[in-house]
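Chemist: Please read through the structure below; I'll follow up with questions.
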Amino acid sequence: MKSIEPIIIAGGGPVGVIAALAFARQDIPVQVFEAESRVNDNPRAATTHAATLTMLEDLGLVEEVIRRGPAGHPHAGFPGSSFEKRTA
Ligand SMILES: Cc1cc2nc3c(=O)[nH]c(=O)nc-3n(C[C@H](O)[C@H](O)[C@H](O)COP(=O)(O)OP(=O)(O)OC[C@H]3O[C@@H](n4cnc5c(N)ncnc54)[C@H](O)[C@@H]3O)c2cc1C
């Protein structure tokens with residue numbers, strides 16, 4: 001069987017890490033290269049938007065993210081998100 005070359009992702013921010021997880025879940029090899037020596041423990045996101053929640057739900061992460069985040073956040077129920085339908 002022909003081996004698959006890994007997808008290279010430059011940057012281990014939210015986009016790079018979530019993209020890497022999505023590839024890995026499909027058994028697509030991926031390598032993340034992060035310039036900093038440690039994870040940024042001072043994230044800028046105060047709000048997680050509905051589309052992001054829907055994507056995290058597809059990856060099976062939404063409950064954990066909500067559990068760790070501030071309660072009652074205002075964008076969780078944006079009309080049209082699958083998250084809104086599930087929690088209604
Ligand atoms: C003040 C502020 C408030 C914000 N509030 C929110 C919010 O409430 N909600 C929300 O959803 N979004 C918010 N954002 C936006 C959010 O922070 C960005 O959308 C998100 O961080 C983008 O993720 P990213 O992975 O693309 O980039 P980044 O988070 O910038 O991560 C990029 C990573 O790539 C690394 N890197 C860079 N160059 C290289 C290289 N050449 N090789 C290897 N690694 C490299 C960096 O070290 C970094 O770790 C806010 C942004 C700001 C500035």
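The values are calculated or read from the model by the stated rules, or taken from the named source; none is laboratory data. None of these values were measured; they are calculated from a predicted model. Note that we place each Cβ from the backbone using ideal geometry, even for glycine, and neighbour counts take in every protein chain shown.
Chemist: Quick one: would you say residue 80 is farther than 19 Å from residue 13 by Cβ, modelled with pLDDT under 50 and more than 16 Å from the ligand (Cβ to nearest atom)? Quick ask: steps written out before the conclusion?
Modeler: On the way: farther than 19 Å from residue 13 by Cβ: yes; modelled with pLDDT under 50: yes; more than 16 Å from the ligand (Cβ to nearest atom): yes.
Against the criterion (farther than 19 Å from residue 13 by Cβ, modelled with pLDDT under 50 and more than 16 Å from the ligand (Cβ to nearest atom)), residue 80 qualifies.
Chemist: Still on this structure, I have one more. Name the residues in the range 34-58 that are within 21 Å of residue 12 (Cβ to Cβ), of a type in the set (A, V, I, L, M) and near the ligand (Cβ under 10 Å from one of its atoms), would you?
Modeler: If the condition is that a residue be within 21 Å of residue 12 (Cβ to Cβ), of a type in the set (A, V, I, L, M) and near the ligand (Cβ under 10 Å from one of its atoms), then 35, 39, 45, 46 are the ones that fit.
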